[in-house]
Amino acid sequence: MGVLTTRRGVIETPVFMPVGTAGTVKGIRFEALESAELDARIILGNTYHLWLRPGIETIKACGGLHEFIGWERAMLTDSGGFQVWSLGALRKITEEGTEFRSHVDGALCFLSPEISMEVQEALDAEIAMAFDECAPGKATNEEARRSMELTLRWAKRSKKAFEKLQSVRTASGSDRFVAEESRADPQAGGTPALPLGQALFGIVQGAGHFDLRRESLERTVEIGFDGYAIGGLSVGEEKSVMLDVIEDVAPRMPADKPRYLMGVGTPEDLIEAVARGVDMFDCVLPTRNGRNGQAFTSRGKLNIKNAQYVVDQQPLDEDCGCSVCHRHSRAFLRHLYLSGEMLGGILLTHHNLAFFLDTMRRVRQAIRSGQFANFRREYTEQIGSGWG
Ligand SMILES: [Zn+2]
């Protein structure tokens, strides 16, 4: 277990980061994210979505992303690479960058390492990500190598552009956090802190090929970043391949820098990745599945639309301490969902985020008390047991 010190607060790891695609974690208010019940210390913003709408000029004019959305805690922005990659046939990748059609208005757009860094600098999250290219989960070694080499060239360009932008900020004195750095107590250290400007993380690619993953990690570390992420998992490969890649790569990642697994996964996946050495996670599952009527519980997934819950007076999860489980029954939540009431998605999202964040809190406690192996076994057994 570790502590990640950012300019906007301290984050205990392992940590789960709710995804705030368009500057909002869908279906939940910021007050709830900040409450003691959820206590999300860091959320994600998606560069691709925010860049297309409302656009960087608008966000800049509103004082940056934190100011614009009213969130004072830490944020991480992705590079836009993955979203553009997910557009599939609508995009064209060249050495220079990626050309694609906007999903908003069909306009032809172009994203490159340099543009991604410019956008992320303007968004001003605590952590920015290098612009990468993702190979499909079942890519051949040759395809995955081509993609990995491109990602490495883009990583170098990302770092160069990022450093230039950061030095302009420092020189112009426009970064209040860097100004505060000079007043920081040099004795207060002890935990590795991220830079008080923005931090930049590099991304390891290589699909399901261990030789490529190792080479990608080695060469990304050579370029040098503030943290390292494993990208390109949960994109169509078998789950066993995903866990094997994490098991092989995570322990080789620099021990003094955060290790971030991008876009994964279920609560069971998070526990398995923590066991293999990962510190940071993000995933849309708790929010997206919540909107689609699915709850994550201590005994596995529960689909609220099922007829078996029509007069079920129990909470979603009797072992969950969240405010939704305190107040509402499965029967009511099912009624809301089937009636298309927006509160249905809101309540399921709230419970799901509470469940993910509480799972990570329990992981940290278990690690602290030297009980993680027991915790992992019991949690996994229980989650597979179902509600019968
Ligand atoms: Zn709950």
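Every number here is computed from the coordinates shown, using simple stated rules; none is lab data. Since this is a predicted model, take the numbers as computed values, not measurements. For neighbour counting, all protein chains shown are included, and Cβ atoms are generated from backbone atoms with ideal geometry for every residue, glycine included.
Could you give the C-alpha radius of gyration of the range 237-388 expressed as a fraction of 2.2 N^0.38 Å, taking N as the number of residues it contains? Intermediate results must be reported in sequence, preceding the final value.
Details: Rg = 16.6 Å, N = 152, 2.2 N^0.38 = 14.8 Å.
Relative to the 2.2 N^0.38 Å estimate, the range 237-388 comes out at 1.12.
For the range 246-297, with equal point scatterers placed on the C-alpha atoms only and solvent neglected, what are the log10 I(q)/I(0) values from the Debye formula at q = 0.16, 0.24, 0.32 1/Å, to two decimals?
-0.50, -0.87, -1.25
In whole Å, what are the extents of the range 302-388 along the principal axes defined by its C-alpha atoms, from largest to smallest?
Largest first, the range 302-388 extends 46, 25, 16 Å along its Cα principal axes.
Enumerate the calculated ³J(HN,Hα) couplings along the range 202-217 in order (Karplus 6.51 cos²θ - 1.76 cosθ + 1.60, θ = phi - 60°), each rounded to whole Hz, writing x wherever the residue is Gly or Pro.
Calculated HN-Hα couplings, in order: x, 10, 8, 10, x, 6, x, 9, 4, 4, 6, 4, 5, 5, 4, 4 Hz.
Can you give the angle from 0 to 90° between the axis of helix 113-123 and the longest principal axis of the chain, with both taken from C-alpha atoms, to the nearest 10?
Rounded to the nearest ten degrees, it is 60.
Looking at this model, which pairs from Lys257/Lys301; Lys156/Lys257; Lys138/Lys305 are more than 22 angstrom apart at the alpha-carbon?
On the way: Lys257/Lys301 33 Å; Lys156/Lys257 18 Å; Lys138/Lys305 34 Å.
In this structure, Lys257/Lys301; Lys138/Lys305 exceed 22 Å between Cα atoms.
Taking only Cα atoms, what is the 0 to 90° angle, nearest 10, from helix 342-368's long axis to the longest principal axis of the chain?
For 342-368 against the chain, the angle is about 70 degrees.
Quick one: Cα centre-to-centre distance for the range 307-357 and the range 106-152, in angstrom?
38
From Cα pairs below 8 angstrom and at least 6 apart in sequence, can you work out the relative contact order of the chain, rounded to a whole percent? Before the final figure, lay out the partial values.
Working: 700 pairs, mean separation 62.7, N = 388.
Relative CO of the chain lands at 16 percent.
Can you list the HN-Hα couplings for the range 219-224, worked out from phi with the Karplus curve (6.51, -1.76, 1.60; θ = phi - 60°), rounded to whole Hz and with x for Gly and Pro?
Each residue of the range 219-224 in turn: 6, 6, 5, 4, 5, x Hz.
Full extension from Val3 to Lys92: what is 0.36 nm times the residue separation minus their Cα-Cα distance, to one decimal in nm? Walk me through the numbers on the way to the answer.
Details: separation 89, 0.36 × 89 = 32.04 nm, distance 3.98 nm.
Gain on stretching Val3 to Lys92: 28.1 nm.
Show which aspartates and glutamates lie in cross-link reach of Lys92 when reach means a straight Cα distance below 16 angstrom and same-chain residues fewer than eight apart are skipped.
Asp132, Glu133, Glu143
Under 8 Å for C-alpha pairs, at least 6 residues apart: give me the relative contact order for the range 289-383, rounded to a whole percent.
Working: 112 pairs, mean separation 29.9, N = 95.
Worked out over the range 289-383, it gives 31 percent.
Using only the alpha carbons of the chain, determine the length spanned along each of the three principal axes and report them from longest to shortest in whole angstroms.
Computed over the chain, the largest-to-smallest principal extents equal 61, 52, 45 Å.
Helix 141-172 versus the longest principal axis of the chain: what angle, 0 to 90°, nearest 10, using Cα atoms?
It works out to around 70 degrees.
Taking θ as phi - 60°, what are the ³J(HN,Hα) couplings along the range 269-275 by the Karplus curve (6.51, -1.76, 1.60), each to the nearest whole Hz, with x for Gly and Pro?
Listing the rounded values in order: 4, 4, 4, 5, 6, 4, 4 Hz.
Where does each of Phe82, Phe30 land when they are ranked from fewest to most other beta-carbon atoms within 10 angstrom?
Numbers: Phe82 22, Phe30 17.
So the residues, fewest neighbours to most, are Phe30, Phe82.
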